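Input: a single structure, listed below in structure tokens.
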Amino acid sequence: MNQINQSTAWPLLFSHHGTILGKGFLADIEVKGRVLATLEADGVWIDGVHPGGIALGAQTLNATHLELRNTLARIFIDFAMQTSGFDEFKARVETFFHETDPDTLHEWDAAVEAVRAGRVVGPDGIPRCEASTPCYVKVTRKLVESVTPSDNTIVQQESLDELYAVYADAA
Amino acid sequence: MSSFGLVPLKRLLEILKQCAPGHVWNATDHYYVVKFNGKTYPSLAKKDQIQGGQVRKMARHLGILECVIAHLGK
């Protein structure tokens, strides 16, 4: 259970954008994160790196990406339920994003090295980006007056949510 | 165990008593939340059987992986 086969591990980055309705506030959340995807007999499993507190799987990479979006949205909604206002919510999201563990960080770095060494080829059909791309979370208070139809979740996900494989060549 | 294998919730709760004494267990609208060692794992599925990969990641996140493996086996 503790072993991950590095030969089939893909280091991936993802972007996520969503609006959460909290207790008396609207929050815009923009994430650029890292996950490690592992091919298994039953499908694709993802372990979160940043954020570290997530793990999920599905039969295909696309289905796993969809589950990743939904998982993040559900976690943020839970945070909104548990917190009393925007500042506490923002702090909770930031803590969640930055918490990780050294083993998963090490595995992500090893998977990047495996891609660069040509031992692993990243998944086809998704864009590439540099492994060193900065990860971040931005939580911004949004005024009701500034909300537009493009803030609806499905529009945001269609336009901004993406999964990226890392380039084989370092920058 | 593959990531997609299942661990009964009751068994997981017994293991947490052994491996994470004093941990805090909460249920939110969507997930079970486990706090231990100053860290929070906020996304355990609210099901009677939890995927092995989630249990492994939670254990790693909370710094109790060796103990959980010792109880669950491979």
Under 7 Å between Cβ atoms, at least 6 apart or on separate chains: pull out the pairs that start in region A:122-146 with a residue that is surrounded by 11 or more Cβ atoms within 10 Å (Cβ to Cβ) and end on any residue that is β-branched (V, I, T) and assigned to a helix (DSSP H, G or I). A:G122/A:V115; A:A131/A:V112; A:V137/A:V93; A:V139/A:V93
Pairs under 8 Å by beta carbon, first residue part of a strand (DSSP E or B) in region A:39-57, partner buried (at least 23 other Cβ atoms within 10 Å of the Cβ) and of a type in the set (D, E), six or more apart or different chains? A:A55/A:D47
Which number in (1) among the polar types (S, T, N, Q); (2) more than 10 Å from chain B (Cβ to nearest Cβ); (3) part of a helix (DSSP H, G or I); (4) within 16 Å of A:L12 (Cα to Cα) marks the one condition that A:T133 misses? (3)
Identify all residues within region B:59-74 that are facing chain A (nearest Cβ under 9 Å) and more than 16 Å from A:T104 (Cβ to Cβ); write none if there are none. B:L72, B:G73, B:K74
Taking the residues in region A:114-137 that are at pLDDT 90 or above and touching a Lys or Arg at 6+ places or on another chain (Cβ under 9 Å) as candidates, determine which candidate is nearest to A:H17 (Cα to Cα). A:V137
Among the residues of region A:2-12, is any touching a helix residue (DSSP H, G or I) at 6+ places or on another chain (Cβ under 8 Å), of a type in the set (G, A, S) and within 11 Å of chain B (Cβ to nearest Cβ)? no
Residues being over 21 Å from A:T71 (Cα atoms) and touching a residue at least 12 places away in the same chain (Cβ under 8 Å) - total across region B:15-38: 10
Matching residues, region B:17-50, being at the interface with chain A (Cβ under 9 Å from one of its Cβ atoms), touching a Gly at 6+ places or on another chain (Cβ under 7 Å) and not small (G, A, S): B:T40, B:Y41, B:P42
Within region A:63-90, count every residue that is assigned to a helix (DSSP H, G or I) and either within 10 Å of another protein chain (Cβ to nearest Cβ) or in contact (Cβ under 8 Å) with a residue 40 or more places away in the chain (or both). 19
If a residue counts only when it is at negative phi and crowded, with 21+ Cβ neighbours inside 10 Å, which strands (runs of 3 or more DSSP E) contained entirely in chain B have at least 1 such residues? B:31-36, B:39-45, B:49-51
It is to be established whether one or more residues within region A:99-107 are over 29 Å from B:N26 (Cβ atoms), within 14 Å of chain B (Cβ to nearest Cβ) and out of contact with any helix residue (DSSP H, G or I) (no Cβ under 6 Å at 6 or more places or on another chain). yes
If a residue must be assigned to a helix (DSSP H, G or I), in contact (Cβ under 8 Å) with a residue 60 or more places away in the chain and surrounded by fewer than 16 Cβ atoms within 10 Å (Cβ to Cβ), how many such residues does region A:111-121 contain? 0
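The values are calculated or read from the model by the stated rules, or taken from the named source; none is laboratory data. Predicted, not measured: the structure shown is a model, and the values here were computed from it. Cβ coordinates were reconstructed from backbone atoms using ideal geometry, including for glycine residues, and neighbour counts include every protein chain displayed.
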